[in-house]
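See structure below.
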Amino acid sequence: MKKFIQYLPKVELHLHIEGTLEPELMFELAVRNNINLPFNSITEVKQAYNFHNLQSFLDIYFQGANVLINEQDFFDLTWAYLLRCKNDNVMHTELFFDPQTHTDRGIDFSTVVNGIHRALVKGTTELGISSRLIMCFLRHLDEESAFKTLEQAQAHKDKITAVGLDSTEIGHPAGKFEQVFKQALKQGFLTVAHAGEEGPAGNIHDALNLLQITRIDHGVRCTEDPALIKQLAAERIPLTVCPLSNIKLKVFNFMEEHNIVDLLRRGLCVTINSDDPAYFGGYMTDNFLAVSDAHSLDKAEIAQFTFNAIEASFISEDEKKALETVTQRYLEVHQ
Ligand code: ADE
Ligand code: ZN
């Protein structure tokens, strides 16, 4: 099973590029950019990754991003992630970036997006990995700042497929961003949002109804509302679930308690993703293995996570067909 999972073709739909900053690269960039880190060693950094909720993680995550200054830094960060994708047989990835984390420190929007995009282009030509880029608004900031970010994105519309919403869920409802999402939709961006990670099922309703999103990031607290579960299954509204993240941030105490397999068997379009792998202990294969170790799944069920992710992705129908064929063949040969 381990080998089956390692080589299984995969699609990732929930990945924060800032969350792929491994401690080794953090130190390298701190030296390169002459930035003081509040850690003396890689061991110390790893010891700090002991989170008790989402906010305790976000504090460290925003601090880590301070070492990212120049376009080359964003390129190096993204390229390192794409090499991990290659290793895990990820065929396609749709990744988030948080522009405000950088523009609020005086870094140009174009520095960030150009560095990431250059690596993604190289990933396609040299590694055969296709990708889409999603720009997230930070929900702990106000809607005016989100509007300003949307304005900055206008010159880069060719590189950005969708807008999303991340950061502190509790106390920052989706409704706060209703107007900016409306505007983004009008401009042709697709929309997603984090909801039902730490916050209640009502937040998923709000994200769907107020922001008109086409897929939900996390969404695991949907189980609190049976009518919502029925709607998600009937309409095949995708959930981009992040198993290791949910354990690290105490959304569930143990992987055995995680509801992802239950949701899969109830016909929801659930997918497996790594969220912030440098902070949560694993990339795509690690997340698949963690779910498979804790739950009894057959090979067809494991491959269903990939089929769901293909269905939920923002690529064309032809591109979806091609990825489905590769996955179907893999499943048939390795059954
Ligand atoms: N930003 C990075 N990771 C996040 C998560 N899991 N939830 C909300 N915001 C995030
Ligand atoms: Zn996330």
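The values are calculated or read from the model by the stated rules, or taken from the named source; none is laboratory data. These numbers come from a predicted model, not from an experiment. Virtual Cβ from ideal backbone geometry, glycine too; neighbours counted across all protein chains shown.
Here is the figure for the stretch 223-240: residues that are within 16 Å of ligand 2 (Cβ to nearest atom) and out of contact with any Cys (no Cβ under 9 Å at 6 or more places or on another chain) total 1. Exactly one residue among A193, A153 is away from ligand 2 (no atom under 16 Å from the Cβ) and among the aliphatic types (A, V, I, L, M), and that residue is A153.
Selection of first residues in the stretch 192-210 that are under 9 Å from G175 (Cα atoms) and of second residues that are away from ligand 1 (no atom under 16 Å from the Cβ) and part of a helix (DSSP H, G or I), restricted to Cβ pairs under 7 Å at least 6 apart or on distinct chains, gives the following pairs, ordered by first then second residue: D206/G175; L210/G175; L210/E178.
When every residue of the stretch 44-53 is checked against the conditions, at least one turns out to be crowded, with 18+ Cβ neighbours inside 10 Å, of a type in the set (A, V, I, L, M) and modelled with pLDDT under 95. From the list L249, L185, exactly one residue is modelled with pLDDT of 95 or more, under 28 Å from A146 (Cα atoms) and more than 16 Å from ligand 2 (Cβ to nearest atom). Which is it? None of the other options fit; the residue is L185.
Do we have any residue at all in the stretch 117-132 that's assigned to a helix (DSSP H, G or I), among the polar types (S, T, N, Q) and more than 18 Å from I204 (Cα to Cα)? Yes, the conditions are met somewhere in the stretch 117-132.
Given D276, D262, D298, which one is within 16 Å of ligand 2 (Cβ to nearest atom) and either more than 21 Å from K3 (Cβ to Cβ) or over 22 Å from the mean Cα position of the chain (by Cα) (or both)?
Exactly one of D276, D262, D298 is within 16 Å of ligand 2 (Cβ to nearest atom) and either more than 21 Å from K3 (Cβ to Cβ) or over 22 Å from the mean Cα position of the chain (by Cα) (or both), namely D276.
Here the condition is being within 16 Å of ligand 2 (Cβ to nearest atom), over 30 Å from L323 (Cα atoms) and not basic (K, R); of S41, S56, it holds for S56 alone. If the condition is being among the β-branched types (V, I, T) and either closer than 15 Å to A312 by Cβ or within 15 Å of ligand 1 (Cβ to nearest atom) (or both), then the stretch 78-103 contributes V90, T93, T101.
The number of residues in the stretch 24-45 being in contact with an Asp or Glu (Cβ under 9 Å, 6 or more places away or on another chain) and either closer than 15 Å to F74 by Cβ or in contact (Cβ under 8 Å) with a residue 60 or more places away in the chain (or both) comes to 5.
Filtering V112, V163 for residues that are in contact with a His (Cβ under 7 Å, 6 or more places away or on another chain) and either of a type in the set (A, V, I, L, M) or within 18 Å of F314 (Cβ to Cβ) (or both) leaves a single hit, V112. When the stretch 10-26 is filtered for residues that are under 11 Å from L68 (Cα atoms) and more than 12 Å from ligand 2 (Cβ to nearest atom), the ones remaining, listed by number, are L21, L25, M26.
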